[in-house]
């Protein structure tokens, strides 16, 4: 009986020994040989390259360079972290790969991007967009045509040239045409008001180019006609306009003149679009009227006569079109309009406006000053500016504003300079 019991005990022990010899493993060995779980790699955000744009531009950001090493689909989260003080910029989407925004003010716009692969956020990436004002090409103005007596000193006038950004401009004059045999030369090619002597009868054409430090203007030219006897009068018209159909337009030939001081007579003609029935209120006055009754170009031509000869014709083009509304120039009076001679008079055009909301540029001129006065606007492009009332008398300032497409109608203000108290 004891022998059989020993046999029964021995059998299980033998089985254990056989299992061990055959490579049987414990539960801990089974766990060690199981597959190790894959570790997720964090995605990498790429907010794109820094950009330099012009103020007002539509800018596209680009996160398509972001990546995930595991090939997981990415989700994008953008944030506008910094913008110029007065900017109202915002992103078209905070979750698109390529959202857009408008750089509405000059300065730096900083954006932060985080991407997520469904498990983990990336480290943030940033990109900066720098907006600068687009340089405006300066405008050269070579002054008004002149008729002079041969042998006289002629002064050219580039003072009405300007730069829309307010940059300082330099001048480059050239006498491109002179009469055959003339030895006329400019006193300076770089002065605002150079001079030359009209030594022979004929036409002298002076060309002016101005530069704002970045770009040249288009060339402007002026013709000086020299004669030994009667000098022909000069017809001058106001600058062209773009208006809407139905606008009453005032033509202006009042700046026309005769170098000998002879009284002038006026003769206007009007060429209108084919469908127009526009006519001048009068053709023999300095400032006739007409109404643009159709879309198209209206070309007004003026010839003046000094009692002896006609002037060369001067033309002005009025364009009537639908769409843009002309801006409105407005001058706000300062005080009672009296200033002390020898001081600076202040004029204020900040109330000017454009119903379309376009940004305005300003152009101040002095159309009337006391005899002998050298008054001028040092900064004619500012909304609020000054000029020197150097002599007692009355001064008339004119303001025209432009909305980037058309000029406003001119407005004027008259101030009086009183003698300094003794």
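The values are calculated or read from the model by the stated rules, or taken from the named source; none is laboratory data. None of the values given here were measured: they were computed from a predicted structure. Note that each Cβ is placed from the backbone with ideal geometry, even for glycine, and that neighbours are counted across all protein chains shown.
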Pair list, Cβ < 8 Å and 6+ apart or interchain, from segment 183-194 residues that are without any contact (Cβ under 8 Å) to a residue 12 or more places away in the chain to residues that are surrounded by 14 or more Cβ atoms within 10 Å (Cβ to Cβ): 185/175; 185/196; 187/194; 187/196
The listed residue being part of a loop (DSSP other than H, G, I, E, B) and either more than 33 Å from the chain's Cα centre (by Cα) or modelled with pLDDT of 95 or more (or both), out of 81, 112, 73, 20: 73
Segment 216-254, residues that are surrounded by fewer than 16 Cβ atoms within 10 Å (Cβ to Cβ), at pLDDT below 95 and within 27 Å of residue 150 (Cβ to Cβ): 228, 229
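Name every residue in segment 120-137 that is assigned to a loop (DSSP other than H, G, I, E, B) and either at positive phi or modelled with pLDDT under 95 (or both), in order of residue number. Break it down into steps so the answer makes sense when it comes.
Applying the first criterion (assigned to a loop (DSSP other than H, G, I, E, B)) to segment 120-137 yields 120, 122-124, 133-137.
Matches in segment 120-137: 133, 134, 135, 136, 137.
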Of all residues in segment 255-271 being in contact (Cβ under 8 Å) with a residue 12 or more places away in the chain and over 18 Å from residue 238 (Cα atoms), the one that is surrounded by the most Cβ atoms within 10 Å (Cβ to Cβ): 259
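Would you confirm whether any residue within segment 383-396 is within 17 Å of residue 238 (Cα to Cα) and either surrounded by fewer than 18 Cβ atoms within 10 Å (Cβ to Cβ) or at pLDDT below 95 (or both)?
Taking segment 383-396 as the starting set, the residues that turn out to be within 17 Å of residue 238 (Cα to Cα) are 396.
Now drop any that are not either surrounded by fewer than 18 Cβ atoms within 10 Å (Cβ to Cβ) or at pLDDT below 95 (or both), which leaves 396.
Checked against the condition, which is being within 17 Å of residue 238 (Cα to Cα) and either surrounded by fewer than 18 Cβ atoms within 10 Å (Cβ to Cβ) or at pLDDT below 95 (or both), segment 383-396 yields at least one hit.
Here's the yes/no breakdown for (1) more than 19 Å from residue 359 (Cα to Cα); (2) touching a residue at least 40 places away in the same chain (Cβ under 8 Å); (3) out of contact with any strand residue (DSSP E or B) (no Cβ under 8 Å at 6 or more places or on another chain):
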position	(1), (2), (3)
56	no, yes, no
62	yes, no, yes
65	yes, no, yes
70	yes, yes, yes
79	yes, no, no
86	no, no, yes
100	yes, yes, no
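Conditions (1) modelled with pLDDT of 90 or more; (2) touching a strand residue (DSSP E or B) at 6+ places or on another chain (Cβ under 8 Å); (3) over 26 Å from residue 244 (Cα atoms), marked per residue:
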residue	(1), (2), (3)
313	yes, yes, yes
316	yes, yes, no
322	no, no, no
325	no, no, no
330	yes, yes, no
339	yes, yes, yes
345	yes, yes, yes
354	no, yes, no
367	yes, yes, yes
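Residue-by-condition table, conditions (1) within 30 Å of residue 107 (Cβ to Cβ); (2) at pLDDT below 65:
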position: 16; (1), (2): no, yes
position: 24; (1), (2): no, yes
position: 31; (1), (2): no, yes
position: 38; (1), (2): no, no
position: 41; (1), (2): no, no
position: 48; (1), (2): yes, no
position: 51; (1), (2): yes, no
position: 63; (1), (2): yes, no
